[in-house]
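Data block below; observations after.
The values are calculated or read from the model by the stated rules, or taken from the named source; none is laboratory data. None of the values given here were measured: they were computed from a predicted structure. Here the Cβ positions follow ideal geometry from the backbone for every residue, glycine too, while neighbour counts run over all protein chains shown.
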There are 2 protein chains.
Amino acid sequence: MDARERILEAAARLFSNQGYPATSLAQVARTARVSKALVLWYFESKESLFRTALQHFLTPYEIDAHALLGLTEREQIEKLIDDYYDFIAEHLSSVQFVLGQVVRQDENSHELVTHARELYRVYRELLTTILERGRASRVFAPQVRPAEDAALIMAALNGLLVQQLVESERECDPQELLARFKSTIRTQLCPSLPEDVPAALRTDTLPHETFGQRAGR
Amino acid sequence: MDARERILEAAARLFSNQGYPATSLAQVARTARVSKALVLWYFESKESLFRTALQHFLTPYEIDAHALLGLTEREQIEKLIDDYYDFIAEHLSSVQFVLGQVVRQDENSHELVTHARELYRVYRELLTTILERGRASRVFAPQVRPAEDAALIMAALNGLLVQQLVESERECDPQELLARFKSTIRTQLCPSLPEDVPAALRTDTLPHETFGQRAGR
DNA sequence: GTCTATATACAGATAGAC
DNA sequence: GTCTATCTGTATATAGAC
């Protein structure tokens, strides 16, 4: 790995752990095992180094909407939830950084914050659309309110993320919470489905599809 | 307001908006309309100023558990949710700051982060207890899982907070989302209650109490 | 208590040798 | 390309006048 690459990697890690103002070029240089001058030979300023390093984070933030084709609305919702969770688990430290920037509304990372917000919006609108379609085709209950419920699902996912970042002692297994969440959503969206309750209690109209195993991922 | 007070207030605002490293004593002094030296006359160092200023944030972070006495479990849950939301609305900028510190796990605010985490834990355990009692007394459905559902409620609340902080263009009214959330919880906890669905569909056992109006706060 | 003046350290950035 | 040496600004912190 050449010097430029090492600098970029060190910068990404340090900026993400400590934030922009708390990270000095000297520290980046030391971490990358080069001189300060070399850092500024490759990148014209601290800020441009920051921006360039952030591209490392932003690149993987994309949604693969095509993978949803051929799934039922309920499966689509669950897939989106799982994808969101997987993405977070895989990029935890950079997600933590981005969230920090978003919460702080750091001026230095305006691009980053805008990008994150945009992605969030797209994700939510995708959820809304699916909820609308599911309700229209009677897969989901008529009480479903697409816009609000999509926002609530996103909120819960983000909340689970924050919880995961915050809780030092793993009091709850996040995987288990996610399963519980999906189960809750399922009951909420499709109240006609038997949950852990005797099926005899319910007599609603049947959904127009059958469901297989509920085993996790 | 005397100089010390002005310094403290300026410090609280600036630290909370810009973070610790990006805020200089000169800026604090300018904002408080005093000299740099005076700041360090009252506070022995930048870090001690930071810590002292943070007490302003931490003070109001308390839970009034006594106010829950005499309410039904369902009302207790809703009251806790409303209180949480009200608190956030009232202290939005400091909550934003604390959340930023928590997410970043800033070393400078270890006390702060610990306090916030502790408060969060207490809040969640309170919810868990109420859910347990409600389930035991058959006010809540037997499917309720106290620990997990308490965590999910907290997650959703925190997610709504993040959403509120993040969304520049108010696409959804947070008040409306909260109402929808409470309504969702209600259906989830007490599936025997008629929601927007014809009561004829349900035949479960009745809760041991009656419910009055559903009007908001 | 509040100030001006100053010490000291370190930041980001440049010059120029190799 | 990579370095050492250095410039310049600004940060925290101190000294001491009033």
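Test A:Glu132 against the stated conditions and say whether it is assigned to a helix (DSSP H, G or I) and modelled with pLDDT of 95 or more. So A:Glu132 fits the description; yes. Applying the set (1) within 8 Å of another protein chain (Cβ to nearest Cβ); (2) surrounded by fewer than 16 Cβ atoms within 10 Å (Cβ to Cβ); (3) without any contact (Cβ under 8 Å) to a residue 12 or more places away in the chain to A:His110 leaves exactly one unmet item: (1). Here the condition is being touching a Pro at 6+ places or on another chain (Cβ under 9 Å) and among the basic types (Lys, Arg); of B:Arg74, B:Arg145, it holds for B:Arg74 alone. The set of residues in the stretch B:173-185 being more than 18 Å from A:Gln188 (Cβ to Cβ) and either in contact with an Asp or Glu (Cβ under 7 Å, 6 or more places away or on another chain) or crowded, with 16+ Cβ neighbours inside 10 Å (or both) consists of B:Pro174 alone. Looking only at the stretch A:38-53, decide whether some residue is more than 12 Å from DNA strand D (Cβ to nearest atom), closer than 20 Å to A:Leu92 by Cβ and either modelled with pLDDT of 95 or more or surrounded by 15 or more Cβ atoms within 10 Å (Cβ to Cβ) (or both). Yes, the conditions are met somewhere in the stretch A:38-53.
From B:Arg138, B:Arg121, which residue is assigned to a helix (DSSP H, G or I) and surrounded by fewer than 20 Cβ atoms within 10 Å (Cβ to Cβ)?
B:Arg121
Does A:Leu112 satisfy being within 30 Å of B:Thr23 (Cβ to Cβ) and either over 15 Å from the mean Cα position of the chain (by Cα) or assigned by TED's automatic domain parsing to the domain that holds A:Val162 (or both)? Spelling it out, A:Leu112 is indeed within 30 Å of B:Thr23 (Cβ to Cβ) and either over 15 Å from the mean Cα position of the chain (by Cα) or assigned by TED's automatic domain parsing to the domain that holds A:Val162 (or both). In the set (1) within 7 Å of chain B (Cβ to nearest Cβ); (2) farther than 14 Å from A:Ile77 by Cα, the condition left unmet by A:Leu152 is number (2). If the condition is being part of a helix (DSSP H, G or I) and either in contact with an Asp or Glu (Cβ under 8 Å, 6 or more places away or on another chain) or basic (Lys, Arg) (or both), then the stretch A:1-52 contributes A:Arg4, A:Arg6, A:Arg13, A:Arg30, A:Ala32, A:Lys36, A:Lys46, A:Arg51. Residues that are small (Gly, Ala, Ser) and either without any contact (Cβ under 8 Å) to a residue 24 or more places away in the chain or within 12 Å of DNA strand D (Cβ to nearest atom) (or both) within the stretch B:1-37 comprise B:Ala10, B:Ala11, B:Gly19, B:Ala22, B:Ser24, B:Ala26, B:Ala29, B:Ser35, B:Ala37, listed in sequence order. Only residues that are away from DNA strand C (no atom under 15 Å from the Cβ) and either farther than 23 Å from A:Asn17 by Cα or surrounded by 20 or more Cβ atoms within 10 Å (Cβ to Cβ) (or both) were counted across the stretch B:14-30, and they come to 3.
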